[in-house]
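For reference, the structure is listed below as structure tokens.
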Amino acid sequence: MLGPLPFRFRTHPWRFGAALLSGALQYFATGLEPWWWAAWFAPIPLLVAAFRASTREAWALAIIAGVIGGASMASFYATFIGVIGAGLVMLLRGLISGIVVARTRAAMLGSRQWLTVFVYPALMAGFDTIVATVSSEGTIGSLAYSQMAAVPVIQIAALVGASGIVFIVSLFGALAAIAWHRRSDIDKPWLAYGLPSALIVASLAYGFLRIANGSAASALPVGLIAIDRAPSTSSPGGDDPVWRAYAAAVPALVREGAKVVVLPEKIARLDHEATDRLRALLGQVASDNAVYLLAGVTLVESDHKENRAWLFAPTGALIADYAKHHLLSGLEASFTPGRDLVIRPVGASRIGIAICKDMDFPTLGRRYAALGVDALLVPAWDFDQDALWHARMAILRGVESGFAVIRSARQGLLTVSDRYGRIIDVTTSGSAPVATLAVLAPLGSGEATVYARFGDGFGWLCAIASAAAWLVSLRSRGLGRRR
């Protein structure tokens, strides 16, 4: 036995080792470059250990595993919310882990019912939905993003959203742990083990079939440009080498067939005078090349700033001016958020606009899907280390709501993905002094998915069912004590 630890519990070495193993698997499953398979196996050692431990020990083991898993993003979170804030996020992950594991343990040891297999995944999906709803950071930290490399797995999001991915992945771990602990000592084992297995197989089969039978309604030739350097001044004059480089890159993309060209977010800070000059310059570039041109800028007012994306028509006219809805904590504290969605016809397609962090929020994607968009154009600005992770967050919005995502990021990736989450082409913004990408982007059908129509109903069902089951268990425990 291990001696007293700081949180005053005693544990067997194998159970402590199981918690460390689960924590390590969580760490690699939820980092900036996640191992998708690790998420499937992460709960198993911890749950097996918790089933053999006391209540207090199970809590402690789960908190340890959760904190270790939360450390995978700590250095990245510290960039925005500081070391203390990042530490609090780790502790929150540990607390949620403790609640979920302790409740799963109590249900499993207190009942032989076959439904106990669903306690853990329902709690995980419920907490995922609650955190995504109340957090100002949206779905950051969701276990669903661990599966972006497993394209068939994420197709369930088109039906029930990210919570469905979390549920299926967590169900596998719970099923394995309970089967190991209970064996056949459970009511209706054929149902307890057969139904969850069938759900997992059905989810994967749906994913494979959706991809195999899916086809693009149409395609749009697009070009993307990103330069990691910012202009040296707010002036958009032709003497600035960065603006000259952007302007010079457009004709080459047009020669490759691009009808729409997307530049990154916040390329320059502009006052009123510079705003007029830059609009004239970008309008000229659009008209000279007969192309739709989207560029992100920062407008500086006397009392606030605005993060904007301007869309110019092939005539050179400014036809859309979109303001970013969801601002970056701390770094955009002085910015005023936008509220309106922007959709413009490009040929026979309906194209919407979003900016960077907007794509962290499924609600925005659902709103666009309800308006029948075929693709979203997304100027972005990442932080190098989060390039793949943040691009994948945007890609999942396309799977959930059924549209293509065309995203150009400074210090990140230039990506074009279809409505199934498949990356059609990608390059890094640092791959060249002027990074470019010309792609024939498969568009969505313009029809909203099931998830786009009904939202997070499944996630909330999991949360409500978990709360109801907990209340029933409290009532039963109270009746038992009185008897």
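The values are calculated or read from the model by the stated rules, or taken from the named source; none is laboratory data. Remember, it's a predicted structure, so these values are computed and weren't measured experimentally. A quick note on method: Cβ atoms are made from the backbone with ideal geometry, for glycine too, and the neighbour counts reach across all protein chains shown. Calculation scope for accessible area: heavy atoms of the full protein, side chains included, ligands and nucleic acids excluded. Shrake-Rupley method; radii C 1.70, N 1.55, O 1.52, S 1.80 Å.
So the values come out like this:
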{"item": "Where a residue in region 157-173 is on the phi < 0 side of the Ramachandran plot and free of Cβ contacts under 8 Å to residues at least 24 places away in the same chain and its partner, wherever it lies, is surrounded by 24 or more Cβ atoms within 10 Å (Cβ to Cβ) and small (Gly, Ala, Ser), with Cβ under 7 Å and at least six apart", "result": "Ile165/Ala144; Ile165/Ala157"}
{"item": "Selection status of Gly194, surrounded by fewer than 24 Cβ atoms within 10 Å (Cβ to Cβ) and outside any helix (DSSP H, G or I)", "result": "no"}
{"item": "Set Ala74, Ala58, Ala50, Ala62: member being of a type in the set (Gly, Ala, Ser) and either open to solvent by 20 Å² or more (accessible area, probe 1.4 Å) or over 20 Å from Pro121 (Cα atoms) (or both)", "result": "Ala74"}
{"item": "Region 309-329, residues that are open to solvent by less than 60 Å² (accessible area, probe 1.4 Å) and not in a strand (DSSP E or B)", "result": "Ala313, Pro314, Gly316, Ala317, Lys324, His325, His326, Leu327, Leu328, Ser329"}
{"item": "Identity of the residue in region 77-111, within 29 Å of His12 (Cβ to Cβ) and among the polar types (S, T, N, Q), that ends up surrounded by the fewest Cβ atoms within 10 Å (Cβ to Cβ)", "result": "Ser111"}
{"item": "Tally, over region 339-382, of residues that are over 16 Å from the mean Cα position of the chain (by Cα) and either without any contact (Cβ under 8 Å) to a residue 12 or more places away in the chain or assigned to a loop (DSSP other than H, G, I, E, B) (or both)", "result": "11"}
{"item": "Filter result for Val472 (buried (at least 18 other Cβ atoms within 10 Å of the Cβ) and free of Cβ contacts under 8 Å to residues at least 60 places away in the same chain)", "result": "no"}
{"item": "Subset of region 246-294 (residues that are open to solvent by 70 Å² or more (accessible area, probe 1.4 Å) and in contact with a Gly (Cβ under 9 Å, 6 or more places away or on another chain))", "result": "Glu256, Lys259, Arg277, Gln284, Asp288"}
{"item": "Within region 33-147, helices (runs of 4 or more DSSP H) holding 3 or more residues that are farther than 24 Å from Ala467 by Cα", "result": "36-41, 55-70, 74-110"}
{"item": "Which numbered condition Leu220 fails, given (1) without any contact (Cβ under 8 Å) to a residue 40 or more places away in the chain; (2) open to solvent by less than 40 Å² (accessible area, probe 1.4 Å)", "result": "(1)"}
{"item": "Residue identified as of a type in the set (Val, Ile, Thr) and open to solvent by 10 Å² or more (accessible area, probe 1.4 Å) among Val426, Val405", "result": "Val426"}
